[in-house]
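Please read the structure below before turning to the comments.
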Amino acid sequence: MKKELKYIIAVVFLSLSISYAQTVSYDIELSKPGSMGMLKVDVYNASIRVVGAMGGKAKITIIDKRKGKDKNYGPAEFYYEIIEDNNVVTILNRKRKKIDGLELEISIPQNFSINVSTYFGPKIEVEGIMGEVNVSGYSTDLSLTDLNNSVIANTNHGNVLARIDKFTDTRTYFISSYKGDIEIFLPNNVQATLFMDNGFGNYSSEFELTLDTSKQKNSSTDQVIRKINGGGNELKLINYFGEIIIRKAN
Amino acid sequence: MENKHILKYLLDKYYQGKTSFTEEALLSEIFTIESNLGEYEKYRSEFLYANLLKQKHTKRDFTLQKEQKNNLPKRSLLIKKVDRRWLQLAASVLLFISAFSIGRLSISPEETKKDELTELKEEVKTLRTIILTTMINQPLASDRIKAVQLAKEFSNIYDDQIVQLLVKYLNEDNNINVRLASIDVLTEFRRTAELENRLLESLLLQTSPIAQMEILQLIKNSKVIVSKEKLREFLNQGELDPYVVNTAENIIKSL
């Protein structure tokens, strides 16, 4: 009897969890499978997770974890417009309303570049993308890993964590957060010149930082310029109230 | 070297697979015309195929031109059929070739021909202006940041056309970091009352506190006196970050 009761409780919990997190997935056929492309996401709500995957397909999953009054605004999948045109996958909001508990999980080919932004979404996570990563949010934490290309990231009140696997001279690296911390991991042998502008925060580094004596100081700006391993391509980091932490990847 | 910078920029973009039709044609043209490109010589062979295709259209191919002569439509019809992109390309190529000549002139015995050099520098500036104007619509923010950074080399002189374009990026780009990059470049420009006014106008359009703070810092560190009224207008907008308000009020007090 006890065993049966356990099964019943487990089934009830399972059905509760299904109704709690409703999930809808869409497979997106690309116009040019295998070719480079672009993901554009501009939504008002939703945590967003973007993963670079092998293969020539894109998949979008909408996870609905809304509670209370937020559940009254109709099915979550009706909130988003999804378009594929010439290997550009675009996700836009139909409703511009603050709703908590929505998540977008997006799987795209690794060789795509991404341009992802959310206003109220609490988090943007990106991993395994070989193209350019361009993300922005308002109160949004940014977690970016496996970065191999240009990184342009901005948030107003969130923290930024960026793991750059490959830092090269031809890419652009520009990360900013008004009130959040910026924690950045760089390869041990990286050669970079840091341009840091953090008015009221602090910065620390696991690398030895040296002065850049070649640059003429511009009196109009308060930025600090430091070199890692002799200097190299620019890494621009701006925040006003948070910490800037530079870490070694290994 | 300005020209080297442009070539490097185009090559970087090409190998990322992000160049436009016009930019690839520009690269092809450079490798056809320029005989010694030093460290960039290794890329020449890569562009041979493009050169071969292009030869069909070049004026130097007299044979082909002769053969085609009888088949040419009337002038008015020909103009109508010309793709606008080709006209833009032709203009860009001419400017780019001129820009490239600067490097050679600067090491040639004719260095004293200052007028010619000034003229060519003006053409380089025009090319930069074209790049700034056209790149504003590029989908990747890194391209737009690179375009903005190209304007840095004109910071030693105040050029209102370049400043206007930078302010356009500052006011209209949908990416905050592109806006911040344009502020960064504007800090390098000589401070004039005109520039301060443009920055004040721009301040009224910014919604991001980080962009507002960067502009206010720029105004604060400037020795040019700015309009208190504009700053008050900005403060009256409401819903500003407390520290932004504090900084703007301190600037007003110091004026």
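The values are calculated or read from the model by the stated rules, or taken from the named source; none is laboratory data. Because the structure is predicted, anything quoted here is derived from the model rather than measured. Cβ placement follows ideal geometry from the backbone for every residue including glycine, while neighbour counts extend to all protein chains displayed. SASA here: full protein model, heavy atoms, side chains in, ligands and nucleic acids out. Shrake-Rupley method; radii C 1.70, N 1.55, O 1.52, S 1.80 Å.
Given H placed 1.01 Å from N in the peptide plane, which residues other than close sequence neighbours of A:Ala249 have an amide H under 5 Å from its amide H?
For A:Ala249, whose amide H was placed from the backbone, the distant partners under 5 Å are A:Leu186, A:Asn188.
Please compute, for peptide A:147-160, the average count of beta-carbon atoms on other protein chains lying within 10 Å of each residue's beta-carbon.
Partner-chain Cβ atoms within 10 Å, mean over residues of A:147-160: 3.
Name the residues of region B:195-209 whose accessible area, probed at 1.4 Å, falls by at least 40 Å² once all protein chains are in place instead of their chain on its own?
Residues of region B:195-209 that lose at least 40 Å² of accessible area once the other chains are added: B:Pro209.
What is the distance, in nm, between label points placed 7 Å from the Cα along the Cα-to-Cβ direction at A:Ser25 and at A:Ala53?
0.7
Which value, in square angstrom to the nearest 100, describes the accessible area buried between chains A and B on both sides, using a 1.4 angstrom probe?
Counting protein atoms only, the buried area is about 2600 Å².
For helix A:2-20, report the angle its Cα long axis makes with the longest principal axis of the Cα atoms of chain A; keep it between 0 and 90° and round to the nearest 10°.
60
What is the calculated FRET efficiency for B:Ser254 to A:Leu211, with r their C-beta to C-beta distance and R₀ = 22 Å, to the nearest 0.05?
0.10
If I take R0 = 25 Å and measure r between the Cβ atoms of A:Glu127 and A:Asp100 in this structure, what FRET efficiency does the formula 1/(1 + (r/R0)^6) give, to the nearest 0.05?
Between A:Glu127 and A:Asp100 the formula returns 0.55.
Using alpha carbon coordinates only, what is the Rg to Rh ratio of region A:50-93, with Rh defined as the Kirkwood radius?
1.07
Amide H neighbours of A:Leu144 under 5 Å, at least 5 residues apart or on other chains, H built in the peptide plane: list them.
For A:Leu144, whose amide H was placed from the backbone, the distant partners under 5 Å are A:Val126, A:Leu161, A:Ala162, A:Arg163.
Take peptides A:163-175, A:60-72, A:193-205 and line them up by average Cβ neighbours within 10 Å, highest first, as a rough protection proxy.
Going by the mean number of other Cβ atoms within 10 Å, highest first, we get A:163-175, A:193-205, A:60-72.
Could you list log10 I(q)/I(0) for region B:118-249 at q = 0.11, 0.16 Å⁻¹, which the Debye formula gives when each Cα is one point scatterer?
Per q value, in the given order, log10 I(q)/I(0) is -0.39, -0.78.
Mind scanning A:Lys123/B:Lys13; A:Lys40/B:Lys8; B:Lys125/B:Lys168; A:Lys67/A:Lys95 and naming the pairs with a C-alpha gap bigger than 25 Å?
Table pairs above 25 Å Cα-Cα are A:Lys123/B:Lys13; A:Lys40/B:Lys8.
Pop the C-beta distance of B:Asp115 and B:Ala193 into the FRET formula with R0 = 30 Å and round what comes out to the nearest 0.05.
0.45
With Kirkwood's inverse mean 1/r over C-alpha pairs for Rh, give me the Rg to Rh ratio of region A:116-157, two decimals please.
Rg/Rh for region A:116-157 comes to 0.96.
Just tell me which aspartates and glutamates come within less than 20 Å, Cα to Cα, of B:Lys18; anything on the same chain fewer than 8 places away is out.
A:Glu84, A:Asp85, A:Glu132, A:Asp169, B:Glu29, B:Glu46, B:Asp143, B:Asp173
Using protein chains only (no ligands, no nucleic acids) and a 1.4 Å probe, work out which residues of region B:128-145 have their accessible area cut by at least 10 Å² relative to the chain alone.
Residues meeting the cut-off: B:Pro139, B:Leu140, B:Ala141, B:Ser142, B:Ile145.
How large are Rg and Dmax for chain A when only the alpha carbon atoms are used, in Å?
My reading of the Cα-based Rg and Dmax gives 21.2, 81 Å.
Total Lys pairs in region A:160-250 closer than 26 Å by alpha-carbon, pairs eight or more apart in sequence or interchain only?
So the count works out to 16.
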